[in-house]
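Contents: one structure, followed by commentary.
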Amino acid sequence: MNQNTKTEEYNEYNQKSFMFLYFGQAVSLFGSVLTTFVIIFHLTMLTQSALVLTILTLLVTVPAIFITPFGGVLIDKFSRKYLLGSADFFQAFFTLALIWVFINEATNILLIILLLGIKGIFQPFHQSIFSAIIPSMVPRDKLMQKNSIMQLGNALVGLMAPIIAALFIALATWPVYQLLWIDVVTFLIAAFILIFIKIPKVVRSKQQEGQENGFFSEFKEGLSFLRRGKGFIPLLLTFAFINFTFAPLSVLLPLLILIYHSGNALDFALVTILLQGGIIFASILLSTKVKVTKLISGFLVAILGIYVSILFVAVAPQGELWILFLSFLIVGVCLAVSQVSATTIWHKTVPLHLQGRVASVRTTLSTSISPLGVLFAGLFADELGANNLILYFAIIGLLILFFMFMFTSLRHVEHQDTEDVDSKEVNTD
């Protein structure tokens, strides 16, 4: 058996293992999405307050900004398999704590917000770990396909979880918190699958091992790589402003549907269902027939489509929910294209031994100003109106996107010379 045959068999084994691993993580994600939907609906109907939703979002996003950099360094230093399992475990643990609160103190809003906020801190850490694992198990020429398949799977999860939650809320006669047990069960399924998966460990070269390896030096190394690359910083800034301008919509959407448009749980779920339906449709095309050859162009056009759709969401007349339904279907299609394109850019251009650190740096920087958008939503939504605030931020986003395209090196970001020649993979986990 020659070396090429061994390499092909090794890559095929890794790809099969990766798909089993992803299946377990998708099952776990189902429980997390369902839990978040149930609790946000509960808090919205109980308080009808933009401030409560703002506090919840800030409790999730602000601590994550400071914790994620440490997570990225840990990802490149320790077993990614055990870190992935630990992140899943702590999310399930705080779901159990939420169940206890619902049983004993269902109206304790602050405690519910605090626990959901702490649970949410582990989600970006979990995403960074899984993102770092992907290029170590998937060949470069299969990254676009696998990212599209994962986007499809995540969309199916996002489609089914709200449907089940909304039907349960509308029809069930027993307490809604019983749904949270699903999150615990899905964690156990994911943990069982993870036990049998071998995740390749990236071995750093002697030169890399001899370098200073404290936290700040490791984080600085990831930042230095991004600064050296062509277009990386403009791409990060684009993400940062996208997160900033999308923040009011993500915070105020429950109020917009349930209060401003006088919708119900099924309307709220239908918006999510159509969003995920658009993602599913685009993901199927991307994983089978359609190939985005210019990734950054696909990303920019998709973001443009999202902003235009949000404009229609903002100007929709009161009670005309069909405009929101159609707009979020289009947002879903564009979101799939933008996420797959951007994720593939990062996986193709960042060396394996830097994936964790770079993922943590880009997550930290790209989310660093989103709390300001959340804060604006909480402070000015009641005064300006949720729809007007969403409109203003969408216009700002369009102007920033135009500037980044015309006056920065963003267009050239996928043309990098960053071949990872200093690392290799061995199965140790």
**Asked** So which pairs qualify, if the first residue must be in segment 309-321 and free of Cβ contacts under 8 Å to residues at least 40 places away in the same chain, the second must be assigned to a helix (DSSP H, G or I), the Cβ gap must be under 6 Å, and the two must be at least 6 apart or on different chains?
**Response** S309/S327; S309/I330; S309/V331; F312/I323; F312/S327
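Kindly indicate whether any position in segment 316-325 is of a type in the set (S, T, N, Q) and in a helix (DSSP H, G or I).
no
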**Prompt:** Taking segment 88-121, which residues are closer than 30 Å to S148 by Cβ and either surrounded by fewer than 22 Cβ atoms within 10 Å (Cβ to Cβ) or at pLDDT below 85 (or both)?
**Reply:** F89, F90, G120, I121
**Prompt:** Could you say whether any residue in segment 327-342 is touching a residue at least 12 places away in the same chain (Cβ under 8 Å) and assigned to a loop (DSSP other than H, G, I, E, B)?
**Reply:** no
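To keep it simple, each residue is scored yes or no on (1) closer than 26 Å to P371 by Cβ; (2) among the acidic types (D, E); (3) more than 16 Å from the chain's Cα centre (by Cα); (4) at pLDDT 85 or above.
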residue	(1), (2), (3), (4)
L253	yes, no, yes, yes
L274	no, no, yes, yes
I284	no, no, yes, yes
K291	no, no, yes, no
I303	yes, no, no, yes
V308	yes, no, yes, yes
L326	no, no, yes, yes
L335	yes, no, no, yes
**Fill in**
Scanning segment 404-417 residue by residue, those more than 15 Å from I233 (Cβ to Cβ) and either at pLDDT 90 or above or in contact with a helix residue (DSSP H, G or I) (Cβ under 8 Å, 6 or more places away or on another chain) (or both) turn out to be M406
**Request:** Output the qualifying pairs, or none if there are none: Cβ atoms under 6 angstrom, residues six or more apart or on different chains, first residue in segment 70-93 and more than 14 Å from P124 (Cα to Cα), second residue modelled with pLDDT of 75 or more and among the aromatic types (F, W, Y).
**Result:** A92/F187
**Request:** Tell me, yes or no, whether segment 277-288 has at least one residue that is in a helix (DSSP H, G or I), in contact with a Phe, Trp or Tyr (Cβ under 8 Å, 6 or more places away or on another chain), surrounded by 18 or more Cβ atoms within 10 Å (Cβ to Cβ) and in contact (Cβ under 8 Å) with a residue 12 or more places away in the chain.
**Result:** yes
**Asked** Within segment 175-217, which residues are modelled with pLDDT under 90 and of a type in the set (D, E, K, R)?
**Response** K198, K201, R204, K206, E209, E212
**Request:** Starting from segment 236-257, take each residue that is closer than 20 Å to V340 by Cα and list its partners that are outside any helix (DSSP H, G or I), counting only C-beta distances under 9 angstrom and pairs at least six apart or across chains.
**Result:** L237/T408; T238/T408; A240/S368; A240/I369; F241/I369; N243/S368; N243/I369
**Message:** Considering only segment 146-155, I want to know if a residue exists there that is in contact (Cβ under 8 Å) with a residue 40 or more places away in the chain, β-branched (V, I, T) and surrounded by 23 or more Cβ atoms within 10 Å (Cβ to Cβ).
**Reply:** no
**Prompt:** Does P234 satisfy being in contact with a Leu (Cβ under 6 Å, 6 or more places away or on another chain), part of a helix (DSSP H, G or I) and not β-branched (V, I, T)?
**Reply:** yes
**Prompt:** Does segment 359-380 hold any residues that are assigned to a helix (DSSP H, G or I) and either surrounded by fewer than 19 Cβ atoms within 10 Å (Cβ to Cβ) or in contact with a Cys (Cβ under 8 Å, 6 or more places away or on another chain) (or both), and which are they?
**Reply:** L372, L375, L379, F380
**Complete:** Residues in segment 34-79 that are hydrophobic (A, V, I, L, M, F, W, C), modelled with pLDDT of 80 or more and surrounded by 22 or more Cβ atoms within 10 Å (Cβ to Cβ) total 4
**Request:** Could you give me the residue pairs with C-beta distances under 6 Å whose first residue belongs to segment 113-132 and is without any contact (Cβ under 8 Å) to a residue 60 or more places away in the chain and under 15 Å from L74 (Cα atoms), whose second residue is among the small types (G, A, S) and in a helix (DSSP H, G or I) wherever it lies, and which are 6+ apart or on separate chains?
**Result:** F122/A87; H126/A87
**Prompt:** Quick one: would you say I259 is under 21 Å from the mean Cα position of the chain (by Cα) and either over 14 Å from V331 (Cβ atoms) or surrounded by 21 or more Cβ atoms within 10 Å (Cβ to Cβ) (or both)?
**Reply:** no
**Message:** Tell me whether segment 356-368 contains one or more residues that are closer than 30 Å to K198 by Cα, at pLDDT below 85 and touching a strand residue (DSSP E or B) at 6+ places or on another chain (Cβ under 7 Å).
**Reply:** no
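The values are calculated or read from the model by the stated rules, or taken from the named source; none is laboratory data. The structure displayed is predicted, hence computed values, not measured ones. Backbone-built Cβ (ideal geometry, glycine too); neighbour counts: all protein chains shown.
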